[in-house]
Every structure is written in C-alpha cells, then in structure tokens.
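Undergrad: Starting off with a structure, shown below.
The values are calculated or read from the model by the stated rules, or taken from the named source; none is laboratory data. All values reported here derive from a predicted model rather than from experimental measurement. Reconstructed Cβ throughout: ideal geometry from the backbone, glycine too, with neighbour counts over all protein chains shown. For accessibility, only protein heavy atoms count, side chains too; no ligands or nucleic acids. Shrake-Rupley method; radii C 1.70, N 1.55, O 1.52, S 1.80 Å.
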Amino acid sequence: MQQEQSAIETAVLWLNDVIWNPSFIWLCLGVGLFFSIMTRFAQVRHFTEMCRLLFRTDDSTEHGISSFQALSVSLSGRVGIGNIAGVAAAIGFGGPGAVFWMWVVAFLGASTAYVESTLGQIYKVHDKDAGMYLGGPAYYFERCLGWRWYGILFAVAATFACGLFLIGPQANGVASAMVQIFGEGQAVTTGIAGEVGSHRLIATACVLVLLSFIIFGGIRRIASFAQVIVPFMALAYIVLAMIIVFININRVPELLALIVSDAFNPAAGFGAAIGMGVKRGIYSNEAGQGTGAHAAAAAAVEHPVQQGLVQAFSVYIDTLFVCTATALIILMTKQYNIVAGQHFAGEATQYIATYLKDASGAVINADPGTTAFTQYATASVFGKSGPVLVALATFFFAFTTILAYYYIAETNILYLARKFGWQRDVTLIVKLSAMLAVTYGAVGSAGYIWKLGDIGVGLNAWLNIIGLLIIFFRAGRPTIRALRDYERQQKEKATVYTFDPQALGIKHATFWEERIRAEAEKTKAKP
C-alpha cells in the first residue's frame, strides 16, 4: 500500500512539474502585462468606477444575480485556503520575497480577470431549463472562436479540476485548522485512509452536511449565502491583521523593505520567490484560470464591461487585501520557517531559515502547506484565542470556496450535457464527486492534496490563457471593443448603459442580440 501511494505521489509530482514549468510562470506574468497594455491599464484608470459598481444591487433579475452577488460568488472562489495556507506556503518555500510576486501577479492579473469576465458576459446564454444565466470559457471558446472541441476540452478539464482536484486543499485546510486547535483526537481506523483522528472526521462531517444543504439549492442559494458570509469574513480577517499591524506598526517599513529586497535577492532564492509567488498568486486570485468568468456570466448587468471591472477589483480584494493581511501576520510575528525545496508532509525537512521555535528553542517542524504558520503567529499575539480565530476564518474561507468550485463544475457539466444530449440530472454526479473530494481532501496528506490542487489550477490556466490570446488575435478583440464602447457612454454621461454587439462587430453574442430585439419590440408595442 505504501509503495502504491509513493508511486501515485511520484506521478503527481511529475505532472505538477510539467504543468508548472518556468515558461508557464513567465507566460502568466507576460499575459497579464500584455492585457494591461492593451486595455491601457484599465485596472488603474477605472478604479473609481469599479468601486461604484461594487454596490449596485438593483440589477438582479429572476434569471440572474446582482453584480454584488456575482462578486461575492467569485470572491468565494478567490478568497479561500490559498489566502491563509497558500500565503504560508509561498513564504515557507519562497521566502518573504514571494509576497512581492503575489502583488505583481495580482496587479497584472486584474487585467486578465477583466478580459475573461467580460468575455463570460458577452457570450453567456440563458439556460431556460436551469432558470439562470450560464457562461465561462467553454461558452466563449465555442461561440467566439467557433471551436466546439476546445470548449468541450476546457469543460472536461474544469469539471475534474473544480469538482475534484481544487476542492481537496480547501477541505484539508478546514480539517487541519481544527486539528491545530483540538488535536487529532482518538485514532479511528478507516478503510480508505487508514487511521484518522476523530476530530478530523468530525470537521469533515460538518463540512459535508453544510455543503449538501446549500448546493442542492442552486446558484441562488449559493449567491445568497456568499453575499452575507464573504464580505463579513474578509473584513473580519483584515481587521484581525490590522490589530497585529498596529501593535507592530514600527516594523512596517522594515517588513516592506524585506519583501521587496528578498524578491530580487539571488542568494535568498530568486527563482523560488517568483515561482511560489506567481503560483500561489494565481492559485489564490484565480486570474487567468477562467473560473471567475462563470460567476461573472451569471450576473444581470446593463453592459458586459461592468462585470469585467467588478471582477478585476475582486483580484485586488483577494491578494492586495486578504493575502497581504496573512503575510503581515506571519512576517511581523516571525512565526515561520523557510524550507529548502518542496516536500510531502512527513518527509525529512531541510531549512534555509528557522524562526518558528518552541519555548526550549527547538525548531517547530510545521508544514508550510497548512494554516500552522498563521495560527502560531496569531497565538503569539492573542494567546489561545488566536488559533481559534484563524480556524474560524479558515473554515468560512475554505467552505465558501468549495461552494464556488462546485458551481463552476456544475456549469461545465451542464455545458457538456447540452453538447452530448445527457440528462440534466447528471449534475447529481458533480454533487457526489464534490462530497467525495471533501472527504478525501480532509483526511489526506496536505502536501499531496496541494499538489493535486496545483494540477487543477494549471490545467485551467493553460487552456484559458492560450484561448484568451487566440481570441484576441483571431476574433477582433471583443473585450477591447466593448471597453471602448463603455468608455464612450461614460463620456456621454449615460444614465443607462446599452450594449449592441452587432454594432460593435462582435458576432455570436446571441444573448445580447436577443435582448436588443426584445427591447425594440417593447418600444414598438408602446402606444
């Protein structure tokens, strides 16, 4: 059994290295810079407009959710275990400089998020059977490029990635946070995972019960839950970080200098800092993966660009606010170690730097792939209540992310069902697979589960980023045309924005074409 597990882990490591090769790291940064230039840095120019659009709640319909709800659903996916355990992993494997590269990928990735989310809106469909708007990369690849096969390829990859691979790290983070507080509990022998602590099993059961209640209620129940929980949990966590910052306010200039200098210091592992910073940045803010485009498409808006800008801002919220909060908590309290190379939990550890030590001065061998660094950091300030607060944040961050991943998997399985004539109750398979992934992720090895998550992120990102570039060069730059149209209406001080894809030379945006015709017919019918 041990040899079989080792073979599987070896295969996972190999596939992970193939997907996350250095060229992909630079591709992600390069594409973000490219779209930033092409949009004339819309993520900066339209910052005020982003903030205005965030709080529009009057645009939901019986078939779509509001912009704020769509933001909350996408933030459910962006703000997850990656904001706590992922930042810890970036620092633990890449040093403080990895935080700088997370900032860079967030700033550049905001433009990528704008492009993919605007495409999601332009090429969305009204699914009358599901009673909601659906969209995402599979939809815009087929409709914009006419590449049905590429849409199917992405939908298959996204279903497996979001329905199985990406859920595991979130569930593992929840269970690990609970264990950090209460311990493993009594050992329970299971048929699949061997001996598992009773407290870990209890945490797993709680997640499964809540998950089943919400996902059977569809996107509206997910959106209603997310719009209440996500803003509250993010704000509460940032406040927690700010308390630690104010206590150590004199160290802020020192830490900022450390982050920037370490980001370009070859002796400190320049390549590791970039690699881990970009990887964890993409994992956390999801820009380039295409996942945010699914929630963006579900929103009812006047113009596709509106949701594109909202989703661009969500990248800032995720990385510049929440991830930075975690980084400051860990770095200010010096409750971290820097590991030489990556490893699975339980392997012998070699360190580049050790700051996390017990009362006797011995190094604490805490796995960077968990929430341990963050919990030790808060414990050093708040005592025993610190890990409890982190555990609560981890639970809500991870749980809402599981919901978002489930929604993405369901959207893509519905796309496949339409293409292959499957019965619509095929979504039950996604529900069951999500629960299976939660169970396996919660009781599995943290390092192993994170590697599976990395594979899921990489598969989505490779397919989506390549597709975005092909759309830009072969399909007439629809997102740039839409942006210019929106900016024109801004200058004209429009009170109600309109979007006519045919007038802009954008083809196959059937939802908006039908909407224009319906509004024209209503106007003619008026006496």
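Undergrad: If you place +1 on the Cβ of every Lys and Arg, -1 on the Cβ of every Asp and Glu, and leave all else neutral, what size is the dipole of the chain about its Cα centre, to the nearest 20 Debye?
TA: The calculation lands at about 1260 debye.
Undergrad: Another question about this same structure. Going through the cross-link list Lys384/Lys431; Lys431/Lys507; Lys384/Lys451; Lys419/Lys451; Lys419/Lys507; Lys128/Lys419, which pairs have a Cα-Cα distance over 26 Å in this structure?
TA: Lys384/Lys431; Lys431/Lys507; Lys384/Lys451; Lys419/Lys451
Undergrad: Given H placed 1.01 Å from N in the peptide plane, which residues other than close sequence neighbours of Gly197 have an amide H under 5 Å from its amide H?
TA: Val188
Undergrad: Could you order the peptides 390-396, 407-413, 517-523 from most to least packed, using the average number of other C-beta atoms within 10 Å per residue?
TA: Final packing ranking: 407-413, 390-396, 517-523.
Undergrad: Now a separate question. For Lys522 and Leu13, what does the FRET efficiency come to when R0 = 41 Å and r is the distance between their Cβ atoms, rounded to the nearest 0.05?
TA: For Lys522 and Leu13, the calculated efficiency is 0.10.
Undergrad: What are the radius of gyration and Dmax of the stretch 320-440, computed over its Cα atoms and given in Å?
TA: Just the Cα atoms of the stretch 320-440 yield Rg and Dmax of 19.9, 65 Å.
Undergrad: Kirkwood hydrodynamic radius, computed over distinct alpha-carbon pairs, for the stretch 62-165: how many Å, to one decimal?
TA: One over the average 1/r among Cα pairs gives 16.0 Å for the stretch 62-165.
Undergrad: Roughly speaking, to the nearest percent, how much of the chain's 1.4 Å accessible area is carbon and sulfur?
TA: Working: 13140 of 20570 Å².
The computed percentage sits at 64.
Undergrad: Follow-up question, since we're still on this one. If you count only protein heavy atoms with a 1.4 Å probe, what accessible area per residue comes out for the chain, rounded to a whole Å²?
TA: Per-residue accessible area for the chain comes out at 39 Å².
Undergrad: Among Trp422, Phe373, Ala503, whose Cα lies farthest out toward the positive end of the dipole of the stretch 372-527, if unit charges sit on the beta carbon of Lys, Arg (+1) and Asp, Glu (-1)?
TA: Ala503
Undergrad: Next question, about the same structure. Compute and list, largest first, the equivalent-ellipsoid semi-axes of the chain from the alpha carbon gyration tensor, each √(5λ) rounded to a whole angstrom.
TA: Gyration-tensor ellipsoid for the chain: 38, 25, 21 Å.
Undergrad: Still on this structure: What ranking do 350-357, 138-145 get when scored by the average of other Cβ atoms within 10 Å per residue, highest first? Present the calculation step by step, with values, prior to reporting the outcome.
TA: Working: 350-357: 15.0, 138-145: 25.2.
Put in order of decreasing packing, that is 138-145, 350-357.
Undergrad: Can you pull the three principal axis extents for the Cα set of the stretch 383-527, in Å, largest first?
TA: That works out to 66, 47, 40 Å along the principal axes.
Undergrad: Once both axes come from the Cα atoms, what is the angle between helix 372-382 and the longest principal axis of the chain, in degrees from 0 to 90, rounded to 10?
TA: Helix 372-382 sits roughly 80 degrees off the main axis of the chain.
Undergrad: Can you give me the long-range amide H partners of Ile352? Hydrogens built in the peptide plane at 1.01 Å from N, cutoff under 5 Å, separation of 5 or more residues or another chain.
TA: Amide H neighbours of Ile352, under 5 Å, 5+ apart: Ile338, Val339, Ala340.
Undergrad: Which peptide among 316-327, 295-306, 429-440 comes first, and what is the full order, when sorted by highest mean count of other Cβ atoms within 10 Å?
TA: Per-residue mean Cβ counts within 10 Å order the peptides as 295-306, 316-327, 429-440.
Undergrad: Can you tell which of Ala161, Ala353, Met332 lies farthest toward the positive end of the dipole of the chain, using +1 and -1 charges on the Cβ of basic and acidic side chains (Lys, Arg; Asp, Glu)?
TA: It is Ala161, whose Cα lies furthest towards the positive end.
Undergrad: Ordered by residue, what ³J(HN,Hα) values in Hz, to whole numbers, does the stretch 240-245 give under the Karplus form 6.51 cos²θ - 1.76 cosθ + 1.60, where θ = phi - 60° and Gly and Pro are x?
TA: 4, 5, 5, 4, 5, 4
Undergrad: Compute the helix-to-body angle for 446-474: its Cα long axis versus the longest principal axis of the chain, expressed 0 to 90° and rounded to tens.
TA: So the inclination is approximately 30 degrees.
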